[in-house]
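The values are calculated or read from the model by the stated rules, or taken from the named source; none is laboratory data. What you see is a predicted model; the values in this text were computed from it and never measured. Using ideal geometry, Cβ is built from the backbone for each residue, glycine included, and neighbour counts are taken over all protein chains shown.
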Amino acid sequence: MRSIYAIYFSPNKEKMKKFVDEREVIMQAYTKDKEVLDFGVWDTSDRFLHKIIANSAKNVIWVEIDEERAERLRKQGYTILQWDAEHINIWKQFDVIIAGDLIEHLNNPWLFLENVKKHLKKDWYFLFNTPNAYSINFVLRWLFCGWNVKQFPEHVTVFTDELLVNLLERYGIKTEKIVYFTHKENNIKSYILRLFSKISKRRNENMLFICKL
């Protein structure tokens, strides 16, 4: 993954580094020795950072809606609750809530944010990432394919950074930082995406929101 052009601050506001080379640094800083709730843990490959969270946090509860995936994860040693992120009630509040590549899949993102507020301690952190509607990936596809652009079949919406900031504000969730990133893969598509993202960080394929209640 390419360097992320952003000044990054840890939860105690100490400046860490000018160029964050890995998302792992962010996840470790915010989850270290914390009580964490992680929504949508269907894939435990390194791309999705769930192993990083498991090794860093004091304790983690994972939520996965798919029964087959949940059972597979239990066999890997994860503490899984099989439920949907919009309606689950754990009767507990957490220091940090994580939702990686989830909000674009949900039937009702607004209901999900209400559930985040219910489960997050006051003045603590909500971290989530989602595809970026301003990414060069979407721009080039719209340019060459017109409006007939195929979307990932499980996605129901795509967000811009401004729309998400406005949506979060309506629910009393403050956006402290947006980190734009593109997965580094060994193919032409990934190379083109990373090349354009060097011109403008907002052309990166994904956005990681660091928010506070």
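Brief remarks follow.
- Among the residues of this structure, residue 84 does not count as one that is outside any loop (DSSP other than H, G, I, E, B) and of a type outside the set (Lys, Arg).
- For the stretch 140-160, the criterion of being out of contact with any Ser or Thr (no Cβ under 6 Å at 6 or more places or on another chain), at pLDDT 80 or above, buried (at least 18 other Cβ atoms within 10 Å of the Cβ) and over 21 Å from residue 115 (Cα atoms) is satisfied by no residue at all.
- Restricting attention to the stretch 161-200, the residues that are modelled with pLDDT under 90 and surrounded by fewer than 19 Cβ atoms within 10 Å (Cβ to Cβ) total 15.
- Annotation: residue 103 fulfils all but one of (1) over 20 Å from residue 51 (Cα atoms); (2) out of contact with any Ser or Thr (no Cβ under 7 Å at 6 or more places or on another chain); (3) of a type in the set (A, V, I, L, M); the unmet one is (2).
- Whichever residue in the stretch 1-59 is hydroxyl-bearing (Ser, Thr, Tyr) and touching a helix residue (DSSP H, G or I) at 6+ places or on another chain (Cβ under 6 Å) and, among such residues, is modelled with the lowest pLDDT: 5
- Scan the stretch 177-189 for residues that are more than 14 Å from the chain's Cα centre (by Cα) and within 16 Å of residue 207 (Cα to Cα) and the total you get is 1.
- So residue 96, is it modelled with pLDDT of 95 or more, among the aliphatic types (A, V, I, L, M), buried (at least 20 other Cβ atoms within 10 Å of the Cβ) and in contact with a Phe, Trp or Tyr (Cβ under 8 Å, 6 or more places away or on another chain): yes
- Qualifying strands (runs of 3 or more DSSP E) (wholly inside the stretch 95-213; at least 1 residues being of a type in the set (Val, Ile, Thr) and out of contact with any Lys or Arg (no Cβ under 7 Å at 6 or more places or on another chain)): 120-131, 174-181
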